C-alpha cells in the first residue's frame, strides 16, 4: 500500500500561524483591522484554530522582540469576539511570558495555547502547562528548534510535557532545517512513547522549501495537528504555506475541513498584498535553514548588518556556530558588533 | 584579626560554593553547614572542609547558635522554608542573607545599596536573583545619570547551571527580577527575560541590559558611569566583563555583559551562580566589617506579640 493510499480519510487539525508567526514577518506591526480581516477570512474558510499574539507570544512586547502597536489582550479580544467557529490560541514561552499573562489571554477569549520551550528544556514548562489545563485550555507542549535534539531525546522531553498535562506535543522545526526523514524519525519516536490519546503536532518553516513535504511526513508517522500559515506569512521563509498544504491534502485524501479555494483567494487577495517583503526562500532565509538558525533571527540580522556593515549571512552563520537559540535576539547585535570590531569597523567603548 | 562566624543553610551547589568564598574572606569564617539529608554529598564535603554539620534542618543548628557565636547565616534553600528559617535565627540575633526568591527583607545589590542596608542594620537582606545581580548595577549606572522610564534585561544561562528549583518556578524569577529592576535599578518599569541555552560546551552567562532614557542620553556621562560601575562589581566578581556597548540608539542604551565565575566549586560558565555567592559574601563582609569595627550591633528581633 502506498503512503498516499494509507493517508486517505485521515483527519488532521490545521492551526493557522499568520497572526502570530506572521507578526515576525511584519516586524510585529499589524493593525487590529488587519488581524480581524485575516481572522475572519480564516474563520470562513473553516480553519479551526488561529494563533493570535505578538510573534514571541505572551510577554513578547519588549525591546528584545519589538513592540507591537497593540497589547496581546487587545488583539486577542478583538479577534475572539468576531469568530464564528474558530478558536483563538496563543503562544507562551516560559522565561518570557508568565501565567499572569496566560490568565489574561484566557479572559480575553483565548482557548488554546502552545507552551513552548527549547527542545531540551521541557522541564521549564510544568507550571504553565498545568495552569493552562486548569483554565480548561486546549494545551500543547511545543518543542522548539527540534533539529537540535535526537529522536530519543525529543521522546523524553515530550513525555515530560505529557506528564505535566500537555494534550498535544509538537515537533517544532523553528530553523526550517529538517528534511522529511528527520521529521519521520522524531514524530515516530514521540508516537512510540506517548499515550495513544496524546496528539502529535508539527510546526514547519519553509527555509529549505520542505514545509509541505515535512508536514506530510509527520502525518505519515501519526501527527494529527499541523501548523501552517496562509501564503506562508511567518518568520524566515515563512511557515508551511497553508493553501498549498491544503491542496496537497485534498489530492491525497487527507481531511482538513478547510475550504481550499477560499484559502487560495485569501492568500492572493489579502495576505500577499500586506507583506512588507516577499516571504520566500531567498539567500538569507535559505542560510537559516541550511545553518539551522532560528527563523526569527532573519530580520534582526538584516538590521544589524545594515548598522554595523557585516553581511547578514556572515552573522547568521556565526550565530549558528555559537549555538544561539530562540529568544537570544540580543546576541545578534552583540555578535554583529564583535565581528565589526574584528574587521576594524567599530571601536571599543572601553578602549 | 577577628572573624564573624557564619552558618550556611542548604548543602547544594550554592551552599558548597559559598564555603570556598567565605573561607577566603578576611572577616568571615564558615562554621556550620545545615542540610536535611544525612547522606548528602554537600554535608560530607562540608565536613571534609572542616565545618560542623547537621542534617536536621535549621532546628539542628539553633541549639549551637549562641555557644558557637554564629552572627550571620546564608540561606540557599527555597522560598518556602526561608521565612521560618529567618524568623528562628533572627530571634537569636543572627543576621540573614537570603539567596532564595522569598524576599522578605530589602533587596540588595552590593554596589547600589549595600552600605545603606548595613547602616540600617537590616536583619534580613535578599539577593534577588542571579540575573538581578548581573544587570541591576548597570540599570542603576544609567538611572543615576538620567531618568530611565523602562529597563529591560535578557539573561542567557547555560542549561547545566540551572537547577530543578529554578526550572520549575521560572515565573518567580521573572517577577522577582522585574520588580528589582524598578526598586533597586531605578527604572520606572522593569522587565526581565531568561533564556536557558543547552549548548555544549556550556556558554558563559550573558546579560544584555537595555534602558530607555526620558531625554536624549548623555553618551559620555553614561559610558563613564557604566564603566565605573563595572569596576565596582569586578571587586567581588572578577569575571564581570563588558563585551559590547554601551550602544546608543535614540533614547535606548544597550550594554552587553558576560559573567565568568571564579570556578571555585561551580564551573566557570556558571557565572550566574557565582555572582550570587560572590554578592552574598560581599554583603556579609560589609556587615562583618561594621560589626568588628563596632559601628553596628546585631540585635535579636522581638518575637511578635
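What follows is calculated from the coordinates using simple rules that are stated; it is not laboratory data. As the structure is a prediction and not an experimental result, all values here were calculated from the model. Because the Cβ atoms are built from the backbone with ideal geometry, glycine has one as well, and the counts that use them run over all protein chains shown.
In region A:199-323, the inverse of the mean reciprocal separation of distinct Cα atoms equals 15.4 Å; this is its Kirkwood hydrodynamic radius.
Each 10 Å bin from zero holds the following percent of Cα-Cα pairs in region A:73-181: 16, 44, 29, 11, 0. For A:303, A:225, B:24, A:20, the sequence from fewest to most other C-beta atoms within 10 Å is B:24, A:303, A:225, A:20. Legend: calculated FRET efficiency, residue B:252 to residue B:66, from the Cβ-Cβ distance at R0 = 56 Å, rounded to 0.05, equals 0.55.
Which of rounded, prolate, oblate describes region B:94-236, given a ≥ b ≥ c as roots of the alpha-carbon gyration tensor eigenvalues and a/c under 1.5 marking rounded, otherwise prolate only if a/b is larger than b/c? The shape class here is oblate. Against chain A, whose longest principal axis comes from its Cα atoms, helix A:180-193 is set at around 60 degrees.
Percent of C-alpha pairs per 5 Å bin in region B:203-254, short distances first: 4, 18, 27, 24, 15, 8, 3, 0.
Let me see the pair-distance distribution of region A:270-314: every alpha carbon pair, 5 Å bin width, integer percents in order. Reading the bins upward from 0: 5, 21, 26, 23, 15, 7, 2, 0. A simple spin-label model places pseudo-atoms 7 Å from Cα toward Cβ; at residue A:44 and residue A:275 they are separated by 2.2 nm. For chain B, the longest principal axis of the C-alpha atoms and the axis of helix B:271-293 are separated by about 60°. Going from the residue with the fewest nearby Cβ atoms within 10 Å to the one with the most, A:144, A:58, A:252 rank A:252, A:144, A:58. Taking only alpha carbon atoms, region B:187-299 gives an Rg to Rh ratio of 1.05, where Rh is the Kirkwood radius. Legend: calculated FRET efficiency, residue B:1 to residue B:218, from the Cβ-Cβ distance at R0 = 51 Å, rounded to 0.05, equals 0.70.
For chain B, treating each Cα as an identical point scatterer without solvent, what Debye log10 I(q)/I(0) comes out at q = 0.07 1/Å? Here log10 of I(q) over I(0) equals -0.26. Can you classify region B:39-174 as rounded, prolate or oblate using the Cα gyration tensor, where a ≥ b ≥ c are the square roots of its eigenvalues, rounded means a/c under 1.5, and otherwise it's prolate if a/b beats b/c and oblate if not? Verdict is oblate for region B:39-174. Length gained on full extension, residue B:119 to residue B:52, computed as 0.36 nm times the residue gap minus the Cα-Cα distance: 21.0 nm.
Applying 1/(1 + (r/R0)^6) with R0 = 56 Å to the Cβ-Cβ distance of residue A:11 and residue A:67 gives a FRET efficiency near 0.90.
Partner shielding of B:162-172 amounts to 5, given as the average count of beta-carbon atoms from other chains within 10 Å of each residue beta-carbon.
Per residue, the convex hull spanned by the Cα atoms of the protein assembly as shown measures out at 160 cubic angstrom.
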